[in-house]
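Coordinate-derived values only; no laboratory data. Just so you know, these numbers come straight off a predicted model, no measurement behind them. Here Cβ is always computed from backbone atoms with ideal geometry, including for glycine, and neighbour counts include all displayed protein chains.
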Amino acid sequence: MAKNSILNKIYNSGPLILLYYLCISEMDTNLEKTFEIFTLNFQIILIYFWVLKRPDLMANGHIFIAGLINDVVMGFPLGISSLSYLIIIFVGTYVRNKSVNTTIASDWFTFLMAMIFSNLLFFSLLNNFSDISFSYQKIGYNMFFTLFMFPIFWLLFNVYQLTFIGNRDA
Amino acid sequence: MSVSRDDFSIAFRSALLKRGGAQKFSVLSLIFLALIIFFLDVYGVKFTKPVRAFINDVVYRVTFLASTPTRFVPQLGKDFTSYINVRKENENLKIELEKYKLLELNVEFLADENKNLQKILETEYFNKNLSNILLAKVLVDKNSPFLKSIIINKGTRAGVLKGMPITKDNYLVGRVVETNYLSSRILLLNDLNSRIPVTLDQGAQAILSGSGSNKPILEYLPEDYEILENINVFASGKDGIFASGTPVGKTNDKGEVELFVDPNQLSFVTVNLNTIKKEDF
């Protein structure tokens, strides 16, 4: 029984551990070296899915700290990734409050909204308050591939949820 | 109508202010906190600089440790392959060693001749003080679509200052853009924010601008200048930071510059401590 409870805790912490690991490690989800235009913002997919499905597994404070770590590793001004992640949480929570049943299509569409708001804030702040230049073409590719890959990760996370965590979703 | 407006405002307020259960903080309070941290960092209030430097040092070390498994697995594959090929490699190396022994004499003669000629020209000999060349290990090389930078394990404690040029095997790699006590961030030549003055084989001057891809481009070339393939590009040294004549890369048929050092394959780099004595930007 005790062993099961420890295992459950580990499974439940899986998404949060993955988020922290993605933010702090060298591991990235950009395949620029092999396929030049492929870049993906995996963190926002991860946050959006779990905030929508199981917000109890993704505490706001942890996401905020993961954002700060991401800023340090990537060299962005502190707090900018946290802000962008918090916008994702906000949209996710709002959608969760407003909807009863969600499908992959509705989640995909609302994810697009969340990503637009989040990236708009992120790049507006970066453009106006830092010296970092960025290519709009790369932002476009990044958003496109993040959106494109969302259903794939949605299915994978759903499988993880059903297999290891159990469906206690509303 | 009013019911749907009420629904909207309830859901909106709940999303911003809701706490309880796993959520110890509301989204709104964290947004305010993130904004405060952001503006403190951007406007560089006096106490934030050392705090940020300390956080950077700690996080970079943790990142290095956390990335060990991701670095270990590909390395294991490489090690296994090289173990299998070790005999053949040994034979090849012996042949190469003999070749280099013969070349060494020539190199010594040419180096002396070069030194003498530089003395005649009264120019600074680039490698005259090797104690000012600092070897640094790459701690973090996170591939980002927006920023092309690496973190090295030498900081202000070792004398690294902002703006110092970074080389690998005497080829230019980038420059220092952020210094902490134990680590520094290097902006690579292919980053969108990188601009350095260069000179081409035929004497033309230009600015090498990072394009975000692996191949930077040449800007501000003389009018009607046609870029040919396989032209060597060197740092011109006009900015007073990069030593003039440091090789950078070669032009290709598209007019881009193929760097001599692959920015994705850096594990050790050298910092040239000679160039800058004081951080003034």
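Among the listed pairs B:K168/B:K250; A:K9/B:K24; B:K24/B:K46; B:K142/B:K238; B:K137/B:K168; B:K148/B:K168, those whose Cα-Cα separation exceeds 21 Å are B:K24/B:K46; B:K142/B:K238. Under the criterion of Cα pairs below 8 Å and six or more residues apart, the relative contact order for chain B equals 15 percent. Entry note, region B:130-272: relative contact order of 25 percent, from Cα contacts under 8 Å with a spacing of 6+ residues. From the Kirkwood radius over Cα pairs of chain B, Stokes-Einstein at 20 °C and 1.002 mPa s returns a whole-number translational diffusion coefficient of 94 µm²/s. Rounded to 0.05, the FRET efficiency of the B:S213 and B:F268 pair, given R0 = 22 Å and the Cβ-Cβ distance, is 0.35.
Fewest neighbouring Cβ atoms within 10 Å first, the residues B:E98, B:E226, B:E258 line up as B:E226, B:E98, B:E258. On the basis of the beta-carbon distance and an R0 of 22 Å, B:L35 and A:I116 show a calculated FRET efficiency of 0.65.
Rg and Dmax over the alpha-carbon atoms of the protein assembly as shown stand at 25.9, 91 Å. 3J(HN,Hα) along region B:224-241: 6, 7, 9, 7, 9, 6, 6, 9, 6, 10, 10, 5, 7, x, 5, 7, x, 9 Hz, from the Karplus curve 6.51 cos²θ - 1.76 cosθ + 1.60 with θ = phi - 60°, whole Hz, x for Gly and Pro.
The local environment of B:E108, defined by Cβ-Cβ distances under 13 Å, has a net charge of -1 under the rule Lys, Arg +1 and Asp, Glu -1.
Suppose only helical runs count, i.e. DSSP H with n ≥ 4. What mean residue ellipticity at 222 nm does that imply for chain B under -39500 (n - 2.57) per run, divided by all residues and rounded to the nearest 500 deg cm²/dmol?
That comes out to -13000 deg cm²/dmol.
The convex hull drawn around the Cα atoms of region B:139-281, when projected onto a plane and averaged over every direction, covers 8.2 nm².
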